[in-house]
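Okay, structure first, notes after.
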Amino acid sequence: MEMPTVTMQVIPMEHGLLLAAILFIMGMVGVLTRRNLVFILMSLEIMLNATGLAFIVASSHWGQVDGQIMFLMILSLAAAEVAVALGLVLQLFQKRKTLDINVLGEMKG
Amino acid sequence: MLDLLWLVPVIPFIGFLILTLTFGKLPQLAAGIVGAGSIGLSFVFAFLAGSSFLGAEISSYSQTLWTWMSVGDLEVGFTLYLDGVSLVMMYVITGIGFLIHVYATGYMSGDPSFARFFSYMNLFVSAMLILVLADNLALLFMGWEGVGLCSYLLIGFWYKDPNNGYCARKAFVMTRVGDAFMAIGLFTLFVSTGTLNIQEAMLEAEAQWVVGSGVATAVTLLLLGGAVGKSAQLPLQTWLPDAMAGPTPISALIHAATMVTAGVYLIARTHVLYLLAPEVQYLVGVIGAITLLMAGFTALTQSDIKKVLAFSTVSQIGYMFLALGVGAWSSAIFHLMTHAFFKALLFLTAGSIILAMHHEQDIFKMGGLRKDLRWSHALFLIGTLGLVAFPGFSGFFSKEEILASAMENHDGGYILYLAGLLGAVMTYLYSFRLYFLVFYGKKTHDGHEVMGLHLQGPLVLLAIGAVFAGFIHIPVEGVFPEMEEHHPSVMAQAAMILLPMLGGLLAWWVFVKGKVDTEKLAGQGFGAKLHRFWFTQWGMDWLYDKIIVTPYTWLAEVNKNDFIDSIYNGSARAVRFCHEVMSETQTGQLRWYAISIAYGLLLLVVLGVLL
């Protein structure tokens with residue numbers, strides 16, 4: 001029996017970058033439109049990962065390792081950020097019993 | 001004793017400080033003692049310093065108290081300078097000032113602002129003494145301005161009547177016009193001669209200037225502007241009659257005996273400069289001549305006793321200017337002194353009459369008072385005879401000197417002489433009109449003489465002065481250039497003495513005999529127009545109203561909304577509008593900021609792609 005040959009087709013860079021852009025815009029729209037602080041944080045994560053994806057696509061296209069290193073850094077940054085931000089969100093919720101940023105927004109112009 | 005000179009202006013100033021720093025709380029007796037006593041003490045020291053000055057046979061004495069300012073080359077000392085002219089002025093100011101102060105303690109008795117009155121009076125005397133004793137023009141100018149300030153304060157003394165405030169402001173503004181000229185004159189003189197010291201500046205000017213040169217003309221004209229303002233001569237004379245709003249002792253002290261003579265003093269003091277500008281010197285005489293005629297005609301139509309006297313002052317100072325114009329410097333100072341005596345006497349006696357008539361000043365409401373007011377009648381008659389220069393009275397000696405000098409002056413003095421002679425006739429006419437209207441005729445109101453040693457005492461002393469001051473010899477030989485003695489012919493002298501008496505005769509004929517119906521004369525046709533013309537000081541007030549006040553108020557009306565300010569207001573409004581637009585973007589909503597960052601990024605990317 002002959003094994004069917006699977007030819008790994010290289011995903012073109014444009015597709016990867018387009019996906020990254022779509023993810024980024026989705027995240028941004030989420031940041032801009034969501035009212036719940038937790039969802040805003042999630043959208044921020046999406047935006048971070050979109051940039052990470054763009055880095056990986058670029059690094060594999062040029063065969064350079066810098067992009068992968070950059071992604072690792074973004075990943076650790078995101079982990080630290082989530083840890084701090086979730087702590088703050090918990091505190092905020094305990095104090096104010098809400099996560100609606102329109103209610104929480106106290107800085108007036 | 002000469003080194004006590006500094007006490008002369010300082011003591012009245014101390015009096016002023018005492019009266020001011022007690023905020024008018026001093027009881028009347030104490031305030032009167034401080035107010036009049038300080039001037040009396042000042043007179044004593046003036047007398048001591050003056051007699052040792054005359055005994056020392058020196059031409060001048062100066063005493064530097066301290067350096068007032070020292071900037072670069074300019075060093076102005078607080079230096080007093082005593083010579084014949086300032087000696088005469090010092091005596092007049094302290095002596096007559098003292099008598100007026102004593103009189104004022106009686107006249108102002110019971111006034112709620114008694115102490116305030118005397119504090120102003122003391123400050124005035126102090127400023128006037130600094131003016132005449134100043135060694136340099138800066139110090140003189142300080143005294144000059146101090147006198148102006150006190151004049152303002154005293155004219156508006158009864159400030160509750162708005163009209164008095166108006167009169168005070170008018171006097172202040174009118175004299176300020178002259179002062180501006182004078183200040184510019186001082187600057188010009190300083191630039192040209194490099195010193196403000198009067199004696200040095202005159203020496204320097206004599207050495208540098210050519211007779212009739214531009215700078216000499218400019219400086220003397222500007223100084224003349226100051227003198228004209230202060231001495232109430234044409235065209236700045238309109239303030240003096242309004243200055244009669246103040247209490248009567250003020251009118252006697254400031255507007256007769258001392259302050260208005262400051263202009264005469266200034267010109268006499270700087271006479272060397274005027275000798276270098278003969279045209280301006282002649283102009284001084286012409287101004288004097290025109291003023292004395294104008295004031296004479298106006299005095300003839302006034303109905304307020306003090307205003308008649310005010311215009312007679314303007315007229316007599318016109319004589320002094322005339323004397324300065326023909327180079328009879330010492331005669332001008334002489335007339336200044338005799339005038340101080342009889343005019344103070346006239347004003348204070350008028351004050352007594354006003355007191356007796358319960359503050360009635362209209363001479364047509366008086367009449368027939370010679371029986372009721374025996375003292376005032378006698379004193380007023382002496383003053384009037386002094387004023388009209390009746391032979392033997394003080395005014396006679398000084399005025400005849402002036403007229404004789406004018407007659408013998410070769411450079412156009414003849415016209416001035418004729419004007420002076422006509423003025424003398426007018427003097428008789430208006431003085432005796434006043435005298436007859438007040439003391440003769442039908443009695444309409446009762447008057448009761450207010451008696452008191454502090455009222456009649458000074459008046460009697462002034463009356464003695466008004467009679468005998470003509471025999472005083474003023475020690476001014478060393479100060480002014482030698483003048484040849486004038487001996488007019490007997491005919492000319494007779495004309496000078498007898499012709500003016502016709503004026504008195506006319507006054508008697510009209511106002512006692514009642515041969516002419518003055519009301520009818522002044523009430524219709526040409527007579528009415530003439531009366532109006534004279535009454536309004538030849539329309540000077542009207543003229544100023546038309547050419548200065550009306551355009552000014554028009555300008556103020558146009559500029560009511562400040563159209564220059566609207567430029568600045570407009571720029572402020574534009575800034576505020578931008579601020580409002582910008583602050584709209586500051587919503588406090590974080591997402592709006594995020595969106596604007598995103599759009600900004602987008603814009604940059606698009607720009608980066610397109611360009």
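Worth a mention:
- Of the residues making up the range B:558-608, those that are part of a helix (DSSP H, G or I) and away from chain A (no Cβ under 14 Å) number 23.
- Applying the criterion of being in contact with a helix residue (DSSP H, G or I) (Cβ under 6 Å, 6 or more places away or on another chain) and not in a helix (DSSP H, G or I) to the residues of the range B:460-475, the residue that is surrounded by the most Cβ atoms within 10 Å (Cβ to Cβ) is B:I474.
- The set of residues in the range B:255-313 that are under 24 Å from B:F172 (Cβ atoms), of a type in the set (S, T, Y) and modelled with pLDDT of 85 or more comprises B:T261, B:Y265, B:T291, B:S312, B:T313.
- Top-ranked residue of the range A:63-84 - restricted to ones that are among the β-branched types (V, I, T) and free of Cβ contacts under 8 Å to residues at least 12 places away in the same chain, ranked as farthest from the other protein chains (Cβ to nearest Cβ): A:V65
- Hey, A:G87 away from chain B (no Cβ under 13 Å) and within 20 Å of A:A20 (Cα to Cα) or not: no
- Residue count, the range B:266-276 (criterion: closer than 15 Å to B:E204 by Cβ and buried (at least 22 other Cβ atoms within 10 Å of the Cβ)): 3
- In the condition set (1) in a helix (DSSP H, G or I); (2) on the phi > 0 side of the Ramachandran plot, B:G288 is compliant with all but (2).
- Members of the range B:306-332 that are of a type in the set (A, V, I, L, M) and either within 16 Å of B:Y428 (Cα to Cα) or touching a Gly at 6+ places or on another chain (Cβ under 8 Å) (or both): B:V308, B:L309, B:A310, B:V314, B:I317, B:M320, B:L322, B:A323, B:L324, B:V326
- Filter result for the condition that a residue is within 14 Å of chain B (Cβ to nearest Cβ) and surrounded by 14 or more Cβ atoms within 10 Å (Cβ to Cβ), over A:T33, A:T51: A:T51
- Hey, A:I69 more than 12 Å from the chain's Cα centre (by Cα) and under 16 Å from A:M13 (Cβ atoms) or not: no
- Among the residues of the range A:91-109, those identified as surrounded by 11 or more Cβ atoms within 10 Å (Cβ to Cβ) and part of a helix (DSSP H, G or I) are A:L92, A:F93, A:R96, A:I101, A:V103, A:L104.
- Scan of the range B:476-499 for residues that are buried (at least 17 other Cβ atoms within 10 Å of the Cβ) and either closer than 30 Å to B:G97 by Cα or modelled with pLDDT of 75 or more (or both), ordered by number: B:V476, B:V479, B:F480
- Entirely in the range B:5-110, the helices (runs of 4 or more DSSP H) that have 2 or more residues that are out of contact with any helix residue (DSSP H, G or I) (no Cβ under 6 Å at 6 or more places or on another chain) and more than 26 Å from B:A340 (Cβ to Cβ): B:7-21, B:28-56
- Entry remark, the range A:36-48: residues being within 14 Å of another protein chain (Cβ to nearest Cβ) and in contact (Cβ under 8 Å) with a residue 12 or more places away in the chain number 7 in total.
- Residue within the range A:90-101 that is within 14 Å of chain B (Cβ to nearest Cβ) and basic (K, R) present: no
- In this structure, A:V57 does not satisfy being modelled with pLDDT under 90 and either within 14 Å of chain B (Cβ to nearest Cβ) or surrounded by 11 or more Cβ atoms within 10 Å (Cβ to Cβ) (or both).
- Members of the range B:383-410 found to be surrounded by fewer than 24 Cβ atoms within 10 Å (Cβ to Cβ) and of a type in the set (A, V, I, L, M), listed by number: B:L385, B:A404, B:M407
- Of the residues screened, B:V34 is one that is aliphatic (A, V, I, L, M) and touching a residue at least 12 places away in the same chain (Cβ under 8 Å).
The values are calculated or read from the model by the stated rules, or taken from the named source; none is laboratory data. Quick caveat, the model's predicted, so the values are computed rather than measured. Here the Cβ is made from the backbone with ideal geometry for all residues, glycine too, and neighbour counts use every protein chain on show.
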